[in-house]
Each structure stands twice: as C-alpha cells, then as structure tokens.
Amino acid sequence: MYEEEQRPDHGPLAGFTVGVTAARRADELGTLLRRRGAAVVHAPALRIVPLADDSELLDATKDIVRQPPDIAVATTAIGFRGWVEAADGWGLGEDLLARLGGVRILARGPKVKGAVRAAGLTEEWSPASESMAEVLDRLLEEGVDGLRIAVQLHGEPLPGFVEALREGGAEVVGVPVYRWMPPEDIAPVDRLLDAAVTRALDAVTFTSAPAAASLLSRAEERGLLTEVLAALGHDVLPACVGPVTALPLQARGIDTVQPERFRLGPLVQLLCQELPGRARSLPVAGQRVEIRGHAVVVDGDLRPVPPAGMSLLRALARRPGWVVSRSDLLRALPGSGRDEHAVETAMARLRTALGTPKLIQTVVKRGYRLALDPAADTKYADG
C-alpha cells in the first residue's frame, strides 16, 4: 500500500504520503508525486464508463443531427472526442460534424479547443480561466432566450449551469458522453478512508467533483463521515485541481487548496509548497528536526520512522522540551493496550530510526522529552 523507497537526494514531498482518488490519468499524477519523493496511495473513487452503446447519447446525437442547435458547449477533450467517435460508430459522424460546422462552439479551455479543431471544427470562443462559470456568464450576458444550446456533459453534474440557461429562456440539449460509476473494487477506497482517519495520509488529491462526492458517500456508508471530515478539516490536506472539483467538499464545510492553473503539474507543485510548509520544525540537541508524515528530516537527512515512533515523536513535539510521561505516551500509541513496556520498545526503535539518540532524553521515573535547544526553551515553554 505504501511506497517507502526514497532517493538519497530526497525531494520536497519525501516523508509525506499522498492519496490519489483519480481514475483517469492516475498513473501520470502518481508518477509526478513519486518523482518528488512522495509515497502514493492510489484508490480510484470512480470508474469512467463510455456510453458508445448508450441510448441516451444516441438519442441526443440524432436529435442534434435532426435539429441543429444555435450553440454547442464542449466541456472536456476526452468527452468531445468520445462523442465524435461514437457518432462514427453509428454512421452519424459526418452528419454530426456537418451540423456542428454551422454552430457557434464554445470550448472550455485549450485541451477542449484542441479536440474541437482535431475534429475539423473551429470554436468561436474559449475562456482563459477554463471555467464553466465564465462560459455561463458569457452566454447569459449575450442572452440565451429562445436559443437551442447543446451541452456536452462530462460525467459529473454542472452545478447550476443547465438550470441557469433554462431560466434564461434557452432550450438545453444534454449530451451525456460518459458517466461515472462506483469502482468495481471498493477495497482501495476503504483503505484510503482508513488511512485518512488514522492520519496515515498527509494529503488527498481530487481531480473531479464526482470522485470527491464518491469518497464522501462511501465514508457515509461506512459510518466514517464525521471522522473523515475531521481529518480533511485539520490534518489531511485536501488538494483539488480546480474550483468545480472542490464543490462537494466545500458543501461539507471543508476548505481546500487549488492551483492557479487547473492542471496536474501545478497541483503537484502546490503540494510541494503546502506540505513542507505544514511540517513541524524544531531545534533539538544542536540539530534541526523537521517532522513530516512518515519520516523525519534531521539536518537535511531524511530518516524514515515506523508509525509507532511517529506517534511518540508527535506527542513529544506537542510540548517540546517538556517531559511527557510514559502513560501519556502509551495513550499516543495506536492499539498499545496497557503495558508501558510498549512505549520503551517503540522509543528504542524511534531513536534507532533517528540515528541520533541524544535527540530524545530519558527523564528517570518521569518519562521522555525532546532535547530542545536552551535558546529555544523560552519560545516553546509558553506554547
């Protein structure tokens, strides 16, 4: 489940574990994350089902061939290509392209524009923001009353988009090119949810609104929704590729981070900034100790630490320089029972992993403390 191997020259995400919920382009996103040192947990929250044999898409295509729209809105490159390919399969490809050739086409973003042009068509306009909200604003400003508008749907709801056009007086023809379905194997999703609840994840990435909605729905089915929302609200960073993707999380009161450009590369770069910035860094025994998700960076050297050791270290770091009793540390250990010997065992392994035993001091008959540098004692003693 976890990939712990790190490069000697560890990247900005080394020591962090990132969940990937994407079905499409998951390999690309995972590769980008691993190149920067992250451990990746992949759990596709959805699967994409093409509708080449679906009566809904066939009916919509026949409808458009029979009565062309005034405007066509293309929302995704894969969806637009899929529509043309399906029409070809039904013997309607040439007729469809002929009808769309006389239509005003709005394309959401450069990739969609590329797909439109690859089909031999030309878009009238494409927003620089790649935002469906900007497409909607343009249509409503121009006025849509009495217009027939075809909207290529892309497997997820377009919140308020179709409704706003209809309220403006337009006749809207939905073109459902593919739809999202639950994954065939739900086990990876359950493992990702468990990892989020236990804080074994540092971040979760979302590249579509349905994936976010599906993950929350599965959490609710398992009775974990409250715990998952608590994790996403505080300890596990939810990173979305764009504002539409973030909507299901925002509806639950969860704040997300999003890159300025809605692409996988900028999403990964955002994590490279955010996660190290959230790591706790302390001056301990003359060295700089940075506490990451499943590893510690000691003066620039990455030291992987077992989960039990990370639990102890976080408990000590909550009150750096203060003595933490064995009983308090025992409570910090997951599933450790009542035997304080488990603390001593985990502490020994932690010290070995850190490679510098003097970072953690044993205080006889009292417990353990981080050997915070004297100059930092005042700073941290009150906090």
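Brief remarks on what is shown
- Calculated [θ] (222 nm, deg cm²/dmol) that DSSP helices of n ≥ 4 give over the chain, each run adding -39,500 (n - 2.57): -13000 deg cm²/dmol
- Note on segment 251-296: Rg/Rh from C-alpha atoms, Kirkwood Rh, equals 1.14.
- Segment 87-115 and segment 13-45 have their alpha-carbon centroids 34 Å apart.
- Karplus-derived 3J(HN,Hα), 6.51/-1.76/1.60, for each residue of segment 281-289, Hz, glycine and proline x: 10, 9, x, 10, 6, x, 10, 8, 10
- 3J(HN,Hα) along segment 23-36, derived from phi through the Karplus expression 6.51 cos²θ - 1.76 cosθ + 1.60 where θ = phi - 60°, amounts to 9, 7, 6, 5, 4, 5, 5, x, 5, 4, 5, 5, 4, 9 Hz, with x in place of Gly and Pro.
- Rounded to the nearest 10 degrees, the angle from helix 225-234 to the longest Cα principal axis of the chain is 70 degrees.
- Residue of Val175, Val241, Val49 that the Gaussian network model of the chain assigns the largest fluctuation, springs spanning Cα pairs under 10 Å: Val49
- Over segment 251-383, relative contact order from alpha-carbon pairs under 8 Å, at least 6 apart, %: 23
- Among Leu193, Leu229, Leu33: highest mean-square fluctuation, GNM of the chain, C-alpha pairs under 10 Å: Leu229
- Taking segment 20-82 and dividing mean pair separation by its residue count, relative contact order in percent (alpha carbons under 8 Å, at least six apart): 29
- Whole-number percent relative contact order across segment 207-247, with pairs defined as alpha carbons under 8 Å at least 6 apart: 67
- Label-to-label distance, nm, for residues given as Asp255 and Ala128 (7 Å Cα→Cβ offset): 2.8
- Interchain or long-range residues, amide H under 5 Å from Phe206's placed H: Ala239, Cys240, Val241
- Within the chain, antiparallel bridges make up roughly 45 percent of the DSSP beta bridges whose residues both belong there.
- Cβ-placed point charges (K, R +1; D, E -1), dipole of segment 281-343 about Cα centre in debye, nearest 20: 180
- In this structure the amide hydrogen of Gly109, modeled in the peptide plane, comes within under 5 Å of the amide hydrogens of Glu130, none closer than 5 places in sequence on its chain.
- Computed over neighbours whose Cβ is under 11 Å from that of Gln67, the net charge equals +1, Lys and Arg +1, Asp and Glu -1.
- Under-5 Å amide H pairs with His42, H placed in peptide plane, nonlocal only: Val20
- A cut-off under 15 angstrom between Cβ atoms defines the neighbours of Gly146, and their net charge, with Lys, Arg +1 and Asp, Glu -1, is -2.
- Summarising the strand pairing of segment 162-305, around 70 percent of its internal DSSP beta bridges are antiparallel.
- Near Val172, once Lys and Arg are set to +1 and Asp and Glu to -1 for all other residues with Cβ below 14 Å from its Cβ, the sum equals -4.
- ³J(HN,Hα), Karplus 6.51/-1.76/1.60, whole Hz, each residue of segment 236-244, x for Gly, Pro: 10, 6, x, 10, 10, 6, x, x, 5
- For segment 19-58, the convex hull spanned by the alpha carbon atoms encloses 60 Å³ per residue.
- Highest-fluctuation residue, Glu56, Glu141, Glu130 considered, GNM on the chain with Cα pairs under 10 Å: Glu141
Where a number appears in this text, it was derived from the coordinates with a stated rule and is not lab data. In this text, all values refer to a predicted model and were calculated from it rather than measured experimentally. For neighbour counting, all protein chains shown are included, and Cβ atoms are generated from backbone atoms with ideal geometry for every residue, glycine included.
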